[in-house]
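Single-structure report; data block below.
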Amino acid sequence: MARMNAVVHFELPYDDRSRMAAFYTKAFGWQTTMLGEEMGNYVLAATAPSGEMGPIDPGAINGGFHPKMPNADAPSVVIEVDEVETAMEAVAAAGGIILGEPMDIPGVGRYVPFTDTEGNRLSMLQPLGGPRECGN
């Protein structure tokens, strides 16, 4: 059976990042790391014990939060792919719409958002170093 592309990350928009970080820390015990303007004021969210390659527990995922922006004001999931350009072609061929050009995220990989045939916003990530074992 061919390897499936797993969900490896989630993203949620915020209006107030300090308020958002405090909520998820208090409500769920998540650990947040606020990045600076050079990273778009992104906030990393660790939801499970993690190592260098992400969560240690199979099936667990971490996530992040970004400022609300047009066409990105709903929760999103990130799907790991082997090669982002090839995956972009597959998404387009299946009826999805690629939203912009892939961008390099330092220390993470190549990332590009898209919408599926139902208008849901998702993203694809080609991690640095290739796909991780067990999809985490």
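Quick notes
- The residues on offer are 40, 109, 96, 100, and the sole one that is at positive phi and buried (at least 17 other Cβ atoms within 10 Å of the Cβ) is 109.
- Breaking point among (1) exposed (fewer than 15 other Cβ atoms within 10 Å of the Cβ); (2) in contact with a Phe, Trp or Tyr (Cβ under 9 Å, 6 or more places away or on another chain), for residue 124: (1)
- Selection status of residue 11, out of contact with any Asp or Glu (no Cβ under 9 Å at 6 or more places or on another chain), closer than 19 Å to residue 111 by Cβ, surrounded by fewer than 12 Cβ atoms within 10 Å (Cβ to Cβ) and not aliphatic (A, V, I, L, M): no
- For the stretch 114-136, filtered to residues that are part of a loop (DSSP other than H, G, I, E, B) and small (Gly, Ala, Ser), the residue that is modelled with the highest pLDDT is 119.
- Hey, residue 41 modelled with pLDDT of 90 or more, under 23 Å from residue 104 (Cα atoms) and touching a helix residue (DSSP H, G or I) at 6+ places or on another chain (Cβ under 9 Å) or not: yes
- Conditions (1) in contact (Cβ under 8 Å) with a residue 60 or more places away in the chain; (2) out of contact with any Phe, Trp or Tyr (no Cβ under 7 Å at 6 or more places or on another chain): number failed by residue 93: (1)
The values are calculated or read from the model by the stated rules, or taken from the named source; none is laboratory data. For clarity, every value in this text was computed on a predicted model and none was experimentally measured. Glycine also receives a Cβ, built like all others from the backbone with ideal geometry; neighbour counts cover every protein chain displayed.
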